[in-house]
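Bear in mind these aren't lab numbers, they're just calculated from the coordinates by the rules spelled out. Nothing here was measured: the structure is a model prediction, and the numbers come from that model. Virtual Cβ from ideal backbone geometry, glycine too; neighbours counted across all protein chains shown.
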Amino acid sequence: MPELPEWKKGAISRMGMGTLNKVFLKFPGNVLPPDNWQFDSQPNRPFGHASINLDPVYASMGMSWGSGDLSREWEKMEDAEIVAAGMTDMRTSYPEKNLPNPVAFGITRWNSDPFARGSYSSPRPGSTSEDYDLLAEPVGLRLFFAGEATNRDYRSTVHGAYLSGLREAGRILSAAAAVSGSARVNTVRDGEKNMIVRWSGASGKTYQPQGSGDLKDWVDVGQPVPGTNGVHQITEPLKENRFFRVKVD
């Protein structure tokens, strides 16, 4: 594989990785309060906690969590120690409930996961929002990047990762079209609200852009870009879950 360009390596080096781990505690029966969520985080307790009671899917499920250095420390602990610390939090929060021991539990160790090495992106000092855009930029027509760290607007979220996958699927389709001789499409951000869609193709043909958001052909077939050889463009509202293709007539 060719070495990554300097702009890509720079964005990677400036971006950090945060860690947040959770222990999920399943109780027998509906022993927690009926409220869907209750948060409680105090400095004199080992972890923060949230209780969840979402009948019938997640009935009587408790959760405790830790972040940062604390979260990395608990990855060195045995399961029984983590469960005990989580139960200390839960019982302190609900002294009137006399909570029983959990019948099942689940524990995350994201920092130790060789395929993750953390939970989500975390900008370091010196990093800017532009680095998210640089992380998202493909390298040529063969190397594409997805994941929450490539989504400026929905960073650090599951839906941000999902939307980035849709975005890259569109780019891969466009790249495949370029390799096969059809129009190559490129999208660039134009400020905070718009994106510019550009494409180029053979002279003497009509190229009509299409977007995945509404699945309708656009009437505007694009404006020529001055000083280029056959490049056209349009400007569209910025939508992270939209990708583009160009129909050749």
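Computed FRET efficiency, Cβ-Cβ of residue 88 and residue 67, R0 22 Å: what is it to the nearest 0.05? Provide the component values of the computation, followed by the final result.
On the way: r = 18 Å, r/R0 = 0.80.
It comes out at approximately 0.80.
Stretched out fully, how many nm does the piece from residue 141 to residue 7 gain, at 0.36 nm a residue minus the Cα gap?
Gain on extension, residue 141 to residue 7, equals 46.6 nm.
Sorting check: for 66-73, 91-98, which peptide has the highest mean count of neighbouring beta carbons within 10 Å, and how do the rest follow? Walk me through the numbers on the way to the answer.
On the way: 66-73: 15.6, 91-98: 12.5.
Those peptides, ordered most packed to least, come out 66-73, 91-98.
Taking the Cα-to-Cβ direction at residue 26 and at residue 103 and moving 7 Å from each Cα, how far apart do the two end points lie in nm?
0.8
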